[in-house]
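First the structure, in the form of structure tokens, and then the observations on it.
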Amino acid sequence: MSEFNIDPSFSVYELVSRTKRDASVIQHRRAMSVISHAIEDATLVDGARTTVYSGFQIMSKFLRQVKRYTEMARKSEHVYVFGVPDVKVPHIPNITYIPLQPHDRLAKEWFIVSFGPTYYSALATEELTSVYDPDHLRQFKGIWSFDYNLVNILQDWLADTVGTRRLTYNDTSQPDPRQEANYINQAIDRLKRRIAREQDEVLRQELTYLIVRGLKPVTGYLSAAS
């Protein structure tokens with residue numbers, strides 16, 4: 001892994017939470033995976049060409065997603081993977097690993113920021129438990145957002161953190177909201193299909209809550225809760 005100077009106080013979640021004071025506890029860890037996959041699928045399934053910043057807390061959690069991220073790296077502009085290097089990670093073209101220290105704020109955060117000319121979304125969460133706890137006991141508080149300005153600020157901060165150029169899409173105008181709405185509608189359709197086949201009642205309630213609250217492009221922030 002290359003050397004990066006990560007500010008130990010840097011926090012994706014803190015920036016987002018300043019704009020959403022009523023962020024709620026997400027009690028089901030599997031809901032985090034579903035939301036993360038929903039964001040990733042905009043690139044993997046729908047073809048949105050984005051730059052992706054993804055925080056796994058520890059790299060051993062990333063190893064479970066190597067096949068998926070190998071494909072996403074092929075279809076994206078670039079992928080940055082953040083985590084404490086507790087295991088050796090494979091070389092994957094178009095993926096840059098960003099090593100964290102255990103005491104870094106980002107080491108307590110599960111996040112994914114995807115930003116491109118036709119798609120922008122972010123999941124920013126902070127763990128209330130420990131990444132080393134059994135998965136079924138882990139808890140988070142977090143926000144899922146399709147707000148262009150917020151996601152743009154996040155990618156600016158993350159680009160500075162990893163030492164790459166800030167993205168400058170749509171300097172004179174925001175992305176076409178019709179294209180963004182199309183991506184979100186596809187994500188909602190996939191969530192509905194997931195709910196229809198989900199047998200875990202707690203997870204089904206959390207996913208239903210997301211849709212009930214309304215997934216709307218550009219118009220604000222979305223919090224996920226049980």
Only one of Ser36, Ser130, Ser114, Ser60 is assigned to a strand (DSSP E or B) and among the polar types (S, T, N, Q); which?
Ser114
If a residue must be touching a residue at least 60 places away in the same chain (Cβ under 8 Å) and within 15 Å of Arg30 (Cβ to Cβ), how many such residues does region 103-130 contain?
4
When Asp160 is evaluated against the numbered criteria (1) modelled with pLDDT of 90 or more; (2) in contact with a Gly (Cβ under 7 Å, 6 or more places away or on another chain), which criterion, by number, is the only one it fails?
(2)
Taking into account only those residues within region 107-145 that are more than 11 Å from the chain's Cα centre (by Cα) and farther than 21 Å from Val84 by Cβ, which is surrounded by the fewest Cβ atoms within 10 Å (Cβ to Cβ)?
His136
All positions within region 39-57 that are at pLDDT 95 or above, assigned to a helix (DSSP H, G or I) and among the aliphatic types (A, V, I, L, M)
Leu44
Test for Arg213: is it within 19 Å of Val79 (Cβ to Cβ) and at pLDDT below 80:
no
Identify, please: which residue in region 173-210 is of a type in the set (Gly, Ala, Ser) and modelled with pLDDT of 70 or more and is, among those, surrounded by the fewest Cβ atoms within 10 Å (Cβ to Cβ)?
Ala196
Which condition number does Ser2 fail, the rest of (1) at pLDDT below 90; (2) touching a Leu at 6+ places or on another chain (Cβ under 9 Å); (3) surrounded by fewer than 19 Cβ atoms within 10 Å (Cβ to Cβ) being met?
(2)
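The values are calculated or read from the model by the stated rules, or taken from the named source; none is laboratory data. In this text, all values refer to a predicted model and were calculated from it rather than measured experimentally. Virtual Cβ from ideal backbone geometry, glycine too; neighbours counted across all protein chains shown.
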